[in-house]
Structure formats: structure tokens, C-alpha cells
Amino acid sequence: RVPSQNFGFSSQFSTTFKNQTFLLGFETKEVRGASNEIAFANNRANSLIGSGGRERTYSVYFQDFAKIGKVILVGNLRFDAWQNFRALNSITTLSTNQTVATIFPNRDENAFSPQLSILYQFPKNISLFASISRSFRAPSLNELYRAFRVGNVLTLANENLKAEKASNFETGVNYSQQNIYLRGNLFWTEVSNPVSNVTLSQTPSLITRQRQNVGRTRSRGVEIESETRWKDFTFSIGYLLADSKVIEFPAN
């Protein structure tokens with residue numbers, strides 16, 4: 001059984017002043033999740049495993065959308081703070097009916113995510129755009145607290161995982177003419193503290209891994225797209241080249 005619940009609330013306020021549109025928003029969310037499993041060995045149930053916890057998030061953000069002649073500027077500021085709490089893991093051995101429980105300490109983390117985008121409209125239906133931003137992904141309850149085993153591979157959870165944080169840059173050009181649309185862009189993203197499965201030990205009977213923050217990764221590439229319409233049909237073709245590498249891994 002994997003019961004989960006998600007509660008949330010959000011509100012927004014927007015207003016327009018001259019050639020600018022301002023947006024202010026607030027969000028809060030709480031996620032509750034658990035995993036209750038029966039472990040088998042040699043085709044027999046030998047233990048009951050339960051794990052789970054809660055994550056509560058508060059977010060506030062501000063956006064300014066401005067149109068200045070042929071230039072469109074969009075600025076975003078966002079702050080997120082979250083807490084993981086009431087997390088535990090328990091194992092009940094069926095042969096002895098004994099339960100061993102681990103209570104994890106509460107933890108707090110936050111992230112600041114700014115973004116700035118610009119679009120310039122040239123004559124003849126050509127526009128140039130660029131965007132630079134910071135973003136994040138908080139570790140899930142599953143990654144923090146739930147271990148699992150498949151065959152002889154045991155993957156351990158890690159209650160000390162930190163959020164993944166990314167620096168992003170993208171630029172490109174758009175062209176449209178009647179029912180023809182073309183787009184090409186270059187992108188670059190560098191992620192610090194990406195979560196990955198790291199092998200801790202390896203024997204013929206058991207491979208032990210753990211979710212860990214592994215340092216830094218980088219992905220860069222180019223994307224080209226075209227689209228056209230003919231009567232009731234839409235035809236599109238595209239190409240994506242992504243070059244991704246682990247560029248920093250202190251453990252190895």
C-alpha cells in the first residue's frame with residue numbers, strides 16, 4: 001500500500017500600470033506519503049516494512065511583464081522554503097514479531113529562483129529571445145525515506161539529501177510566415193547536487209547502493225523545430241542534440 005495525500009492553497013494578485021503587468025503570488029502545500037510493504041525471502045514473507053513522512057512548502061513569487069517598443073522583458077523572483085517532518089522507518093520481523101523503528105529528525109531547506117527573459121521583434125516576422133534562470137528540485141519523500149530491493153540489488157534511502165539546483169541559459173530565434181513556423185535554440189544547464197544511485201559495496205550475492213548528491217552535471221545542446229498547416233492537418237519536424245556529462249563527483 002502506498003497511501004498519499006496532497007493539500008494546497010494558492011492566491012494571486014495582478015495589476016497593470018502603463019506598459020507593465022505585475023503579478024504577486026503565494027502558495028503553500030503539504031504532501032503526506034507512506035509505503036507499506038511485505039518483504040519476501042525464498043518465497044516466504046519474512047518482514048513488514050513501513051516508511052514515510054511529510055513535506056510542507058511555502059512559496060512566494062513576483063513577476064514583472066514589460067513591453068517596451070519591440071522588446072518584451074519578463075522578470076521573475078521566487079522563494080521556496082520547505083520542511084520535512086514526522087518521518088520514520090520501521091521493520092517488523094515476522095518470525096520474532098519484533099519491530100525496529102527509526103525516527104528521522106526534522107529538516108529545513110530553501111531555494112531562491114530568479115529568472116530574466118527578453119524577446120526582441122525584428123521586421124519580417126523574426127524574433128530573437130534569451131533567458132537566464134535558476135531553478136531547483138526538492139528530494140522526494142521516496143528518495144529521502146524509502147529503501148527497496150530488487151533481486152540482489154539493495155537501494156538505500158538517504159534522509160540527508162539536499163535539493164538539486166540548476167543554472168539555466170537559453171537563446172534562439174523564431175520565424176513565422178503565413179502557416180510556416182521555424183524555431184532554433186541553444187541551451188545550457190548545469191545542475192549542482194544531482195540525486196543519483198551510488199554503489200557502496202558489491203559482492204556476488206548483494207549489490208548495495210544509496211541515493212546521494214553526486215556533485216555537478218552539465219547538459220548543453222541545440223534544438224531545431226519547424227511546423228506547417230495544410231487544411232485540417234498539422235505537420236512538424238524537429239531535431240534535438242543534448243550533450244550531458246557528470247563534470248564533478250567527489251566520491252569517485
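Please find, among F85, F79, the residue that is open to solvent by 40 Å² or more (accessible area, probe 1.4 Å) and touching a residue at least 12 places away in the same chain (Cβ under 8 Å).
Numbers: F85 fails: open to solvent by 40 Å² or more (accessible area, probe 1.4 Å).
The match here is F79.
Determine whether E159 is acidic (D, E), crowded, with 16+ Cβ neighbours inside 10 Å and not in a strand (DSSP E or B). Outline the logic, then answer.
Values: acidic (D, E): yes; crowded, with 16+ Cβ neighbours inside 10 Å: yes; not in a strand (DSSP E or B): yes.
Considered against the rule, which asks whether it is acidic (D, E), crowded, with 16+ Cβ neighbours inside 10 Å and not in a strand (DSSP E or B), E159 comes out as yes.
I need the full set of residues from the stretch 31-48 which are open to solvent by 70 Å² or more (accessible area, probe 1.4 Å) and either touching a residue at least 60 places away in the same chain (Cβ under 8 Å) or touching a helix residue (DSSP H, G or I) at 6+ places or on another chain (Cβ under 6 Å) (or both), in order please.
Passing the criteria: none in range.
Run K124 past the list (1) surrounded by 14 or more Cβ atoms within 10 Å (Cβ to Cβ); (2) modelled with pLDDT under 95 and report the number of the one that doesn't hold.
K124 satisfies every listed condition except (1).
Among the candidates V173, V198, single out the residue that is of a type in the set (V, I, T), over 30 Å from I126 (Cα atoms) and open to solvent by less than 70 Å² (accessible area, probe 1.4 Å). Spell out the reasoning first.
Values: V173 fails: over 30 Å from I126 (Cα atoms).
Result: V198 is the single residue among V173, V198 that is of a type in the set (V, I, T), over 30 Å from I126 (Cα atoms) and open to solvent by less than 70 Å² (accessible area, probe 1.4 Å).
The conditions are (1) open to solvent by 80 Å² or more (accessible area, probe 1.4 Å); (2) part of a strand (DSSP E or B); (3) among the charged types (D, E, K, R), and R1 fails exactly one of them. Which is it?
Checking R1 against (1) open to solvent by 80 Å² or more (accessible area, probe 1.4 Å); (2) part of a strand (DSSP E or B); (3) among the charged types (D, E, K, R), the one that fails is (2).
Take the residues in the stretch 88-112 that are open to solvent by less than 70 Å² (accessible area, probe 1.4 Å) and charged (D, E, K, R); name whichever of them is nearest to Q20 (Cα to Cα).
E109
Cβ-Cβ under 7 Å, sequence separation 6+ or interchain: first residue in the stretch 143-155 and over 14 Å from V195 (Cα atoms), partner surrounded by fewer than 15 Cβ atoms within 10 Å (Cβ to Cβ) and hydroxyl-bearing (S, T, Y). Which pairs?
Within 7 Å, the pairs are N152/S205.
The values are calculated or read from the model by the stated rules, or taken from the named source; none is laboratory data. All of these numbers come straight from a predicted model, not from anything done at the bench. So basically every Cβ, Gly included, is an ideal-geometry build from the backbone, and we count neighbours across all protein chains shown. Heavy atoms of the whole protein, side chains included, go into the accessibility calculation; ligands, DNA and RNA do not. Shrake-Rupley method; radii C 1.70, N 1.55, O 1.52, S 1.80 Å.
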